[in-house]
Structure formats: structure tokens, C-alpha cells
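Asker: Mind looking over this structure? Questions follow.
Taken together, the values in this text are just the output of simple stated rules run on the coordinates, not laboratory data. All figures in this text were calculated on a predicted structure; none of them were measured in a lab. A quick note on method: Cβ atoms are made from the backbone with ideal geometry, for glycine too, and the neighbour counts reach across all protein chains shown.
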Amino acid sequence: MSNNLGSFKFKIFGFLLNFFIMQSSDAQVGHCKIKGKISNQNFKDIVYLLKGNKPFLNLADMEIVDSSAIDKGIFSFHIPLSYTDYYSVRLKSFKKGFILICSPGEKIELQCDTSNFKYPEITGSKENTLRKNSIDVRDSLIVKMNSYVDSSTYALKCNDSSKSKKYDSLNIFWANEITKFNIRFIRNNPHCLTSLEMYNKYFRLFDEDSVKQYLKNLPIGLRKHPLVKEISYKKLILETELKTITKFYEIKYFDTLNQLHSFNPYSGKLVLIDFWASWCKPCIENFPLLKTIEEKYKDKNFAIIGISLDVSLKRWKNEINRSGLTWKNISDLKGEYGLGAKYLNVTTIPRYVLIGKDGFIINDDVRENEIEKMIIPNL
């Protein structure tokens with residue numbers, strides 16, 4: 001009898017233990033419920049919920065989280081979340097969409113019609129309210145700033161240089177006002193995604209201790225966001241890593257399969273590095289030139305390596321396939337803040353760098369019309 005009772009108690013204990021483990025696990029992942037209403041009568045379409053804050057990219061380049069058919073103007077999503085993040089809502093048959101911030105535990109309601117689909121009425125979300133408030137003020141400042149750009153251009157056409165300088169000064173004044181507004185917004189609303197995104201833009205204005213304190217004080221729903229790791233890397237780690245680099249080939253990159261790239265096979269070869277990105281139109285327009293050069297010199301100890309400044313693996317891989325690139329492509333998916341880009345001070349792309357057979361840089365900024373002229377004497 002006592003053995004049976006002990007067994008029963010053990011089972012109860014096990015059940016309770018599993019229950020609390022499950023509760024603890026569930027507490028780490030919440031759900032966001034989204035209910036939308038499009039008021040156009042008899043409107044039918046498919047609505048996509050996409051990861052990220054760029055609603056109008058090629059759908060093939062985006063991560064589709066969910067989709068919903070519109071039934072009598074109603075659509076809905078129910079997604080698991082472990083942290084607050086940007087999403088995009090996009091219609092399938094119309095190039096209309098908008099950015100939506102989703103947080104664990106929220107119940108968001110959207111209301112719009114197809115004419116104002118870009119600016120829906122959003123309720124049930126403090127994050128989206130804060131974002132809208134910041135955009136409303138900032139957009140009014142941007143309008144003022146841009147008006148002086150137009151005025152300056154017009155004054156130059158009229159050969160009035162003094163007025164042009166005056167308008168340029170006013171343009172700079174309103175640009176500074178935008179920065180001041182953004183910094184005030186961060187200080188007044190430190191615990192929201194909009195502020196975190198702004199902080200990522202203005203991190204240079206804060207000292208290291210302030211950055212550490214800001215990141216430490218973020219609520220748990222934001223502490224897991226990738227921007228936290230990005231800010232920490234750029235402010236607290238990047239400069240230290242750069243000081244350890246003595247040669248470009250020491251920098252770590254990964255290929256499209258996330259395998260660590262080795263520069264060893266390129267020892268004894270003349271190498272052209274092509275810094276590019278999937279969003280860079282001039283980069284893509286120059287690919288035919290690079291294909292011609294690769295074909296012409298590939299049997300003469302020459303190779304091309306593409307280094308992408310993308311931050312999205314999917315967009316990077318898709319563009320490689322679309323453009324039919326045959327040479328090795330690598331990246332650290334850190335954009336302009338990647339070690340290679342910072343080491344060579346890459347601020348604009350395309351950027352071509354020629355590396356000699358000894359592994360040292362011959363020229364770190366070759367113009368596209370001079371690539372062959374640089375290659376021939378160094379083969």
C-alpha cells in the first residue's frame with residue numbers, strides 16, 4: 001500500500017514539475033493576435049504577414065510568416081513571438097502594404113480601406129502608437145528641411161548664390177532639428193522598438209557606458225531583438241576587432257551555406273574583390289563587365305570574390321541566383337559595419353579592391369573602367 005502511495009506521489013510530483021516547466025517555457029514565447037478589417041465592399045484578396053520593415057520588396061526576397069484570405073473584409077493572424085519586432089502587412093494583388101510592430105501578448109486591431117491601406121488605424125498597441133506619433137512629428141520636420149533644398153536649387157538656377165547659401169543653412173538647421181527630436185524621443189520613450197531603432201542610428205553620439213546602461217535597461221521583450229546585438233557589436237566590439245587585423249585575408253567571412261570561408265586557395269592568385277549588395281543597382285549593372293573579365297583571365301591565376309554588404313541572407317542568395325554569378329560570394333551579413341567594409345573604409349558601392357598574389361592590397365579603390373588596366377601588369 002505504501003509503495004503504491006509513494007508511486008502515486010511521485011507521479012503527481014512529475015506532473016506538477018512538467019506543468020511548471022511548460023509554464024516557464026510558454027512565458028518566454030507569447031502570441032500576438034492581429035485582426036484586420038478592410039472597409040471596401042466585396043473586396044477580396046490575400047494578405048501576407050511578412051518579417052521585417054520593408055513592405056514593398058520582391059515577395060521572393062521576403063520571409064512570409066503567414067497569409068490570410070480576406071473574407072467579408074476581415075483577415076486575421078495569430079503568431080508566436082519571443083520579442084517585439086517589425087513586420088509588414090502586404091496585399092497579394094495590389095502593391096499596397098504597411099509596417100506593423102508586433103509584441104508578445106498584444107491583440108492588435110487594424111482598420112482601413114484600399115485607398116489608405118498604407119496608413120491604417122491601429123488600436124491595441126502602444127508600440128505602434130508611439131511609432132505613429134514619432135513619424136507625424138518627424139515628417140513635418142522633413143517637409144520643412146526638404147523645402148529649403150528645392151529653394152536652394154531654384155536660387156542657383158537664378159544665379160542667386162547668396163540666397164542659395166541661406167537656404168542651404170536652413171536645410172542644415174532643420175536636419176539638426178530632426179536629430180534633436182529623435183534624441184528627445186529616445187530619452188522620453190527609451191523602452192520601445194522605435195527608440196531602439198533610432199538608438200542604432202545615433203549610437204555614436206553616446207559614450208560606451210551610456211550604451212551599456214541603455215541596453216541593460218531595456219525590457220525583456222526588446223532585449224532579445226537583433227538590434228541589441230548589433231548596437232553592442234558596433235559600439236563595444238568592432239573597434240577592438242579592427243585593431244587585431246593586419247591583413248585583409250585575416251578577416252572572417254562566410255559563404256551562402258554559412259560555411260567559414262578560407263582565403264588559402266587564393267594564395268598566389270591575383271584577386272579582385274567586389275563589394276556589392278542586392279539593393280545596389282549600379283553594382284548589379286556592372287556584373288556583365290565582371291563576367292567578361294572573369295572569363296578572360298580565369299586561366300591566368302586570376303579570380304573574383306564578391307563580398308556582399310547585405311544583412312539579409314535570403315536577399316543576398318536570391319540576387320546571386322538572379323544575376324547568375326559564377327565567382328565565390330561571401331559575407332558577414334553586417335552591412336556597412338562588417339569588418340572588411342570598415343577595414344577598407346567602404347562607404348559607397350560598388351567598390352573594387354585588387355589584391356596581389358602575395359595577399360597584400362595593390363589598390364583599394366579601382367574604378368570599373370580601369371579594372372583591366374590594373375589586372376594586366378599584375379598577372
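Asker: Using DSSP to call loops (not H, G, I, E or B), can you name the chymotrypsin sites (Phe, Trp or Tyr not before Pro) in segment 284-379 whose Cβ has at most 14 other Cβ atoms within 10 angstrom?
Answerer: 360
Asker: Efficiency by 1/(1 + (r/R0)^6): what FRET value for residue 205 and residue 95, r their Cβ-Cβ distance, R0 = 41 Å, to the nearest 0.05?
Answerer: The value I calculate is 0.65.
Asker: Would you compute, for the Cα atoms of segment 323-379, the largest minus smallest coordinate along each principal axis and list the three values in descending order, in whole Å?
Answerer: Largest first, segment 323-379 extends 34, 28, 22 Å along its Cα principal axes.
Asker: Shifting gears a bit: Where is the GNM fluctuation largest for the chain (alpha-carbon springs, 10 angstrom cutoff): 195, 312, 210?
Answerer: 210
Asker: Relative to the longest principal axis of the chain, what angle (0 to 90°, nearest 10) does the C-alpha long axis of helix 287-297 take?
Answerer: In the chain, helix 287-297 runs at an angle near 50 degrees to the longest axis.
Asker: Could you list 172, 305 so that the one with the fewest beta carbons within 10 Å of its beta carbon is first and the one with the most is last?
Answerer: Starting with the residue having the fewest Cβ neighbours, the order is 172, 305.
Asker: I'd like the orientation of helix 126-157 relative to the chain: the angle between its Cα long axis and the longest Cα principal axis, in ° from 0 to 90, rounded to 10.
Answerer: Roughly 30 degrees, rounded to the nearest 10.
Asker: Moving to a separate point now. For the Cα atoms of the chain, what angle does the longest principal axis make with the long axis of helix 313-323, in degrees from 0 to 90, nearest 10?
Answerer: Taking Cα atoms only, the helix is inclined about 40 degrees.
Asker: Next question, about the same structure. Can you match volume of the Cα convex hull per residue in Å³ to one of these, [x] 119; [y] 172; [z] 243, based on a calculation from the structure here?
Answerer: Read-out from the structure maps to [z].
Asker: Further, regarding this structure: For segment 236-366, what is the relative contact order in percent, using Cα pairs closer than 8 Å and at least 6 residues apart in sequence?
Answerer: Relative contact order here is 34 percent.
Asker: While we're looking at this one, here's another question. Can you give the local net charge around residue 360? Use residues other than it whose beta-carbon is closer than 14 angstrom to its beta-carbon, Lys and Arg +1, Asp and Glu -1.
Answerer: 0
Asker: Okay, moving on. With contacts defined as alpha carbon pairs under 8 Å and 6 or more residues apart, what's the relative contact order of the chain in percent?
Answerer: After rounding, I find 11 percent.
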